[in-house]
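The values are calculated or read from the model by the stated rules, or taken from the named source; none is laboratory data. Being a predicted model, the structure only gives us computed values, none of them experimental. We place every Cβ from the backbone using ideal geometry, glycine too, and count neighbours over all the protein chains shown.
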Amino acid sequence: MKELGILTGSREGVWLGTMTRIDRPSSPDARGVLAREVRDSVAIRFAGDSGDGMQLTGSQFTLEAALAGSDLATFPDYPAEIRAPAGTTYGVSAFQIHFGGDVSTAGDDPDVLVALNPAALMVNSGDLRIGGLVVIDTGTFTKRNLSKAGFATNPLEDDTLAPYQLLKLDISQRTRDAVEEFGLSQKEALRCRNMWTLGLMLWMFGQDYEATAEWISRKFAKLPTVAQANVKALHAGHAFGETVEMPSDVVGYTVAKSDVTPGVYRTVTGTEATAWGIIAGARAAALDRIMLGSYPITPASPLLHTLAGLKRYGVITFQAEDEIAAACAAIGASYAGALGVTSSSGPGIALKTEALGLAIATELPLVVIDSQRAGPSTGLPTKTEQSDLFQAVYGRNGDAPLPVIAAATPADCYDVAIEAVRLATKYMTPVMLMIDGYLANAAEPWLLPDADDLPSFPVAFRTDPENFQPFARDPVTLARPWVMPGTPGLAHRIGGLERDGTTGHISYDPDNHERMTEARAAKVRGIANDIPLQETHVGPERGETVVVGWGSTFGPAFQAVKQLREQGHDVSHIHLRYLNPFPRNLGELLAGFQRVLVPEMNTGQLVTMLRSAFLVPAEGLNKVTGKPFKVAEITDAIRKRLEQ
Amino acid sequence: MITATTTPAQLKPKDFASDQDVRWCPGCGDYAILKAVQRALAEIGKSPDETVFVSGIGCAARFPYYVTTYGFHTIHGRAPAFATGMKLANPGLDVWVITGDGDGLSIGGNHMLHTLRRNVDLQILLFNNEIYGLTKGQYSPTSKPGTRSPSTPEGSLETPVLPAAFALGAGARFVARSIDTMQPHLVEVLTRAQANRGASFVEIYQNCLVFNDGAHSSFTDKAIASDTQLLLEHGKPLVYGANHTRGLRLKQGSLAFEAVTIGEHGVSTADLVVHDEANLMLATMLAHLRPPEFPVAIGVLFHNPHSSYERAVHDRAAAAGAKPVAQADIGGLLRGGGRTWEVAG
């Protein structure tokens, strides 16, 4: 282990070699004495106790990186416990951000790990890239905390961290010193530790901090002392970097900026993009109202919170007494002529299942958002998985098909949500929109779409009583008419009992039931004619190997295929947005490859569907650790097969 | 929202009778309730096009098919949740929920609780026959202890729920009772329930001829009805009995009723408790009265109006400047609430 720059006592720094001066265009006043390694991209992981504000720290770093023009992807990873006992490994919360020129995943192995206590180091050090930088708050490495984290000996005093560079700072003490003037309690003062750390890291990566200072002042507007102390800590961390010489082995990074399309950008999480997409979709459908019925559940609750703040756009949110009522109220709203939306995660979707069957049977529009998490049962509520695909496609009693679509990235949630509204209203059907815990919380920069480019698919409510039949179908879409109760002359009855294919009256006629079952299936099947043909995302449409993915595996699958292609391998990438029905050329496309590899965060759901639908020898690459794929896991798997 | 503009003058009960064959068992109490509802609807005078009947599962749940209004026969126990969604989407609709003791208090008990406490503007008619009819006679949550049924061959062991007491406990603002065979009374109660802007809970004692005949006979049999039914009237003393000589007064030194005879032991009408529909304690005590010691309280037990949930939701949306989604400024939405930056071309 190289012991670098133990910064204690009055000696503020240890100069250990030659520093290289590098210009830092974003901060002209900076001294920039740190050696800077130029990198295409860098991944930093902030880790600490769940009460240490790591999610917030990561989010603010994300904002600054985005404002500076970096492409980025984030991976918030937090425990299910709100405040697990302080200092324990199960209370560790982490936030990883990968930023730079061309980024599509949150990064395989972080280059930098900020560990604010021993437990954070214990949980995260194994993931760090060999030679990466560990930033430690020595103030927390007490005997008690070391033992709580499960360290028999102090890792700062043995070879544990030998493969890494180490920057040891008493961040706790420095934070206390920085905010001393505000007369905060010891506890309150230490709560500014994350901002001190953020200040230092922003400096290390040549980022500004003004947006964060502004954000702090806004957030704590009612607690001016707290606001001032946090801003002071942020400044102090940044100033520390500027004024203190770092050890030579600790390099800073000059990170490539993204070579991006001109336009207006913002960062967006999957949750925000989904909420806005629902609104944009309802506008495109020319509806008056959106009614979200929801019940709190991790990781879907933020969608309820986001939409609850958007009332002025015609959104009503209803926090129901349970998941069932949430779905039923949404269906009731659709029946009454609004866009019914319900959102949950796997266990909640399971509870909504019977209601979804009713929406299928009565042919009412509904958008169902499933933020998947690791299951079965309660599973790992805060960890991501893609294991609800079977539930979405098959999980109902009776023959009960519904369209299933999935978002690939946080920003893609916007387009997919609009598409969900289009399919639901055009085909009078519930639509399942699959996201996952990773997409819901992860952020990326987003080139804002031009509002004028919003598609238009206005709903034509039936108002003409002439020859009205509740289940007479549109000859092309096979959709039945949507009638708002209150429309004169169109009063009619619908329900879950099988109904006559025209009048909608209860019908026990066996032939009618068979016709209706087929009509419901044909309607959903027919959507294949109304969606784009499947294309490869990268690579030719025929070849040796194709990687087929869906949902949030998009980033790592794309990067893996890109890297292998750069190395001359014959690999293509297909990413599926439409999971039911599949695009109508998908079977033909897959048949053009000798090998089909399907990476999924489940034990093999899409792969089973592809094999079943197209009789292709598709092979699964499965991961259920609650964490997204690393690019290397996919490249390794492909390489292994290419070498066979 | 579209609302009907043509209300035919002088609607008649038959204007609310659909062309569908009614398929309840001959002699079922549901027929009489259907008739009373159609009469009430005619009296209320709202167009069938502005009215929705929502039901769950059970014998009573077929109801929507038999009226000419909009109707939605949903899933077991969940009708109040569907109805809540309808009112949130279109508060102008007049929405009636038809449920039973199993649908509304067993599988759907949770939704009943929350719909009542939220005070969604609905009329909730709970047909209480103390049995599961559609599944052929199992005991229900309102069955009397000891009820023999296919699932309780030695008799049921559970303490039944008292629907009106449950509704009061849940915070309902309008709680009433009537009986399938009491036509004019039921019509009047339903009309009052509809006039209340909030969740109106009406328990209707209904006879299931096939599986639980006579479940309510201890107070509905004609011969004893006047001595076992207390017909409530706001502002009037609690009087019952064939000659209006029986009454309820408070026991000295206790919060409990005692049944007394006017004119005996110096009891006069002035000693009796006067019904006050806005008094929750009184309503709760009335809800628990059972024969033989006491008569069953029939009529409006409680009415203490409060603004309805969907009204409050829409008021708040209006305060937030809500506009129809169709007019939403998507550009503003996407730029709002966060930092944006421009990359120059």
Would you point out which residue out of B:Val296, B:Val274 is buried (at least 18 other Cβ atoms within 10 Å of the Cβ), β-branched (Val, Ile, Thr) and within 25 Å of the chain's Cα centre (by Cα)?
-> B:Val296
In this structure, does A:Phe471 turn out to be over 30 Å from A:Arg595 (Cα atoms), within 14 Å of another protein chain (Cβ to nearest Cβ) and either among the small types (Gly, Ala, Ser) or assigned to a loop (DSSP other than H, G, I, E, B) (or both)?
-> no
For the range B:80-117, how many residues are of a type in the set (Lys, Arg) and within 9 Å of another protein chain (Cβ to nearest Cβ)?
-> 1
Hey, B:Glu50 hits all of (1) more than 25 Å from A:Ile290 (Cα to Cα); (2) surrounded by fewer than 24 Cβ atoms within 10 Å (Cβ to Cβ) but one; which does it fall short on?
-> (1)
Within the range B:310-345, the residues that are assigned to a helix (DSSP H, G or I), facing chain A (nearest Cβ under 7 Å) and surrounded by 16 or more Cβ atoms within 10 Å (Cβ to Cβ) are B:Val313, B:Ala317, B:Val325, B:Ala326, B:Ile330, B:Leu333, B:Leu334
Hey, any hits in the range B:280-299 for a residue that's among the charged types (D, E, K, R), in contact with a Gly (Cβ under 9 Å, 6 or more places away or on another chain) and modelled with pLDDT of 95 or more?
-> no
Mind checking which strands (runs of 3 or more DSSP E) fall wholly inside the range A:277-396 and carry at least 1 residues that are at the interface with chain B (Cβ under 9 Å from one of its Cβ atoms)?
-> A:290-294, A:315-319, A:339-344
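This table checks each residue for (1) out of contact with any strand residue (DSSP E or B) (no Cβ under 7 Å at 6 or more places or on another chain); (2) closer than 30 Å to A:Gly314 by Cα; (3) of a type in the set (A, V, I, L, M, F, W, C).
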residue: B:Val52; (1), (2), (3): no, yes, yes
residue: B:Ala79; (1), (2), (3): no, yes, yes
residue: B:Ser106; (1), (2), (3): yes, no, no
residue: B:His114; (1), (2), (3): yes, yes, no
residue: B:Asn119; (1), (2), (3): no, yes, no
Restrict the check to the range B:294-309 and report whether at least one residue is free of Cβ contacts under 8 Å to residues at least 60 places away in the same chain and within 14 Å of chain A (Cβ to nearest Cβ).
-> no
Just one of the numbered conditions (1) in a loop (DSSP other than H, G, I, E, B); (2) more than 10 Å from chain B (Cβ to nearest Cβ) is not true of A:Tyr253; which one?
-> (1)
Among the candidates B:Phe257, B:Phe219, B:Phe201, B:Phe174, residue that is closer than 28 Å to B:Arg148 by Cβ and hydrophobic (A, V, I, L, M, F, W, C) | B:Phe219
Heads up, the strands (runs of 3 or more DSSP E) in the range A:13-110 (entirely inside) with at least 1 residues that are at pLDDT below 90 and either away from chain B (no Cβ under 14 Å) or under 25 Å from A:Arg191 (Cα atoms) (or both) are A:36-39, A:71-77
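Residue by residue, here is whether (1) crowded, with 19+ Cβ neighbours inside 10 Å; (2) within 13 Å of chain B (Cβ to nearest Cβ); (3) not in a loop (DSSP other than H, G, I, E, B) holds:
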residue: A:Ala417; (1), (2), (3): yes, yes, yes
residue: A:Val421; (1), (2), (3): yes, yes, yes
residue: A:Ala424; (1), (2), (3): yes, no, yes
residue: A:Val431; (1), (2), (3): yes, no, yes
residue: A:Met434; (1), (2), (3): yes, no, yes
residue: A:Ala440; (1), (2), (3): yes, no, yes
residue: A:Ser456; (1), (2), (3): no, yes, no
residue: A:Glu466; (1), (2), (3): no, no, no
Could you tell me which of the residues A:Ala282, A:Ala286, A:Ala273 is surrounded by fewer than 23 Cβ atoms within 10 Å (Cβ to Cβ) and touching a helix residue (DSSP H, G or I) at 6+ places or on another chain (Cβ under 6 Å)?
-> A:Ala286
Kindly provide the set of residues from the range A:289-311 that are surrounded by fewer than 22 Cβ atoms within 10 Å (Cβ to Cβ) and closer than 17 Å to A:Gly277 by Cβ, ordered by number.
-> A:Pro302, A:His305, A:Thr306, A:Ala308, A:Gly309
When only residues in the range B:22-69 that are touching a Lys or Arg at 6+ places or on another chain (Cβ under 7 Å) and of a type in the set (Gly, Ala, Ser) count, which is nearest to the other protein chains (Cβ to nearest Cβ)?
-> B:Gly56
Tell me, yes or no, whether the range A:483-498 has at least one residue that is more than 14 Å from chain B (Cβ to nearest Cβ) and farther than 25 Å from A:Pro401 by Cα.
-> no
Can you name the residue in the range A:195-234 that is touching a residue at least 40 places away in the same chain (Cβ under 8 Å) and small (Gly, Ala, Ser) and, of all such residues, is surrounded by the most Cβ atoms within 10 Å (Cβ to Cβ)?
-> A:Ala233
A:Pro262 vs. criteria without any contact (Cβ under 8 Å) to a residue 24 or more places away in the chain, within 13 Å of chain B (Cβ to nearest Cβ), touching a strand residue (DSSP E or B) at 6+ places or on another chain (Cβ under 8 Å) and surrounded by fewer than 24 Cβ atoms within 10 Å (Cβ to Cβ) = yes
Test A:Val393 against the criterion of being at negative phi and surrounded by 24 or more Cβ atoms within 10 Å (Cβ to Cβ), and give yes or no.
-> no
